[in-house]
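For reference, the structure is listed below as structure tokens.
The values are calculated or read from the model by the stated rules, or taken from the named source; none is laboratory data. Worth saying up front: this structure is predicted, and the values here are computed from it rather than measured. Cβ: placed from backbone, ideal geometry, glycine included. Neighbour counts: every protein chain shown. In case anyone asks, the SASA skips ligands and DNA or RNA and just uses the protein heavy atoms, side chains included. Shrake-Rupley method; radii C 1.70, N 1.55, O 1.52, S 1.80 Å.
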Amino acid sequence: MKKDIILAGVGGQGILSIAAIIGTAAIESNLHLKQAEVHGMSQRGGDVQSHLRISDKPIHSDLIPNGGADLIISVEPMEALRYLPYLSKNGWLITNTNAYVNIPNYPNYDELMQTIKAFKNHIALDADKTAKDIGSSRSMNMVVLGAASKFLDMPYEKLEAGIRAIFGRKGDKIVEANLNAMNAGREIAK
């Protein structure tokens, strides 16, 4: 088993929480894990990305080469496209469709979505709306994680345990909201 994943988004959207949950699930599944993340301007709405490499064999590098990613999991559509050069020809792009317009030259939204929808292996969902509809607007990132969950090649229960481990100190209500959001995303992706 080997899975190379690029996580992408904008500071404050929960990319590092997704990375922590997947990483926790990988370790609990007795898998090897390497992670590299970039979040220099993340507190000011800058781009955030994380490379996650998961395998049942030792991993020598934490960086994914161009064309080597099995998945791009993005919580913002422009950020999904920024990392397309990393995606393998049979890889999957899973992205939120809700744009976070924080720059004056943000691409035309319709053209952006046409590019995403033209990509053969993609799931594009309005994770913000789904999170809001289930009463947990801050859990948009968990909706996206749920949509990507079937591509991670690890038991869904391990991801649920990852949510409990990462958010447990915040209380049962927060844990339940995140579990519900992840499940909602998983249902949409079916």
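Could you grab the relative contact order for the chain? Cα pairs under 8 Å, six or more apart, rounded to a whole percent.
22 percent
Along the Cα→Cβ direction, 7 angstrom out, place labels at I27 and D110. What is the inter-label distance in nm?
Simple spin-label model gives 4.8 nm for this pair.
Roughly what % of DSSP beta bridges within the chain run antiparallel, to the nearest 5?
The antiparallel fraction comes to roughly 55 percent.
Take peptides 7-18, 171-182 and line them up by average Cβ neighbours within 10 Å, highest first, as a rough protection proxy.
By packing density, highest mean first, the sequence is 7-18, 171-182.
Run through every distinct alpha carbon pair of the range 1-112 and return the Kirkwood hydrodynamic radius in angstroms, one decimal place.
14.3 Å is the Kirkwood radius here.
Would you rank T95, T130, T115 by solvent-accessible area, highest first, keeping every protein chain in place and using a 1.4 Å probe?
Solvent-accessible surface, decreasing: T115, T130, T95.
Run the Debye formula on the Cα coordinates of the range 144-190, all scatterers equal and no solvent, and tell me log10 I(q)/I(0) at q = 0.15, 0.22 1/Å.
At q = 0.15, 0.22 Å⁻¹ the computed log10 ratios are -0.35, -0.70.
Using the alpha-carbon centroid of each, what span in Å lies between the range 43-101 and the range 1-36?
So the separation of the two Cα centres works out to 10 Å.
Percent of Cα-Cα pairs per 10 Å bin, from 0 to the last occupied bin, for the range 84-190, please list those.
14, 40, 33, 12, 1
If ligands, DNA and RNA are left out, what is the accessible area of V101 with a 1.4 Å probe, given in Å² to the nearest 10?
For V101, the solvent-accessible surface is approximately 100 Å².
Provide, as a two-decimal number, the C-alpha radius of gyration of the range 104-157 over 2.2 N^0.38 Å, N being how many residues it has.
1.38
Which length gain, in nm to one decimal place, applies between Y156 and K190 when the Cα-Cα distance is subtracted from 0.36 nm times their residue separation?
My answer for the length gained is 10.9 nm.
Give a residue-ordered list of calculated ³J(HN,Hα) values for the range 94-105 (Karplus: 6.51 cos²θ - 1.76 cosθ + 1.60, θ = phi - 60°; whole Hz; x for Gly, Pro).
Running phi through 6.51 cos²θ - 1.76 cosθ + 1.60 with θ = phi - 60° gives 10, 9, 6, 9, 7, 6, 10, 7, 10, 9, x, 9 Hz.
If Rh is defined by the Kirkwood formula over all Cα pairs and Rg also comes from Cα, what ratio Rg/Rh do you get for the range 82-121?
0.98
Along the Cα→Cβ direction, 7 angstrom out, place labels at K132 and V101. What is the inter-label distance in nm?
1.5 nm
Run through all the Cα pairs of the chain and give the fraction in each 10 Å bin from 0, expressed as whole percent.
Computed distribution, short to long bins: 10, 39, 39, 11, 1.
Could you please report the charge total around A99, scoring K, R as +1 and D, E as -1 over all other residues with beta-carbon less than 15 angstrom from its beta-carbon?
-4
Working out 0.36 nm times the residue gap between M1 and R164, then minus their Cα-Cα distance, what length gain in nm do you get to one decimal?
Separation in residues times 0.36 nm, less the Cα-Cα distance, equals 56.2 nm.
Long-range amide H contacts for A69: which residues qualify at under 5 Å (H placed 1.01 Å from N, peptide plane, sequence gap of 5 or more or a different chain)?
Answer set, sorted by chain and number: L87, S88.
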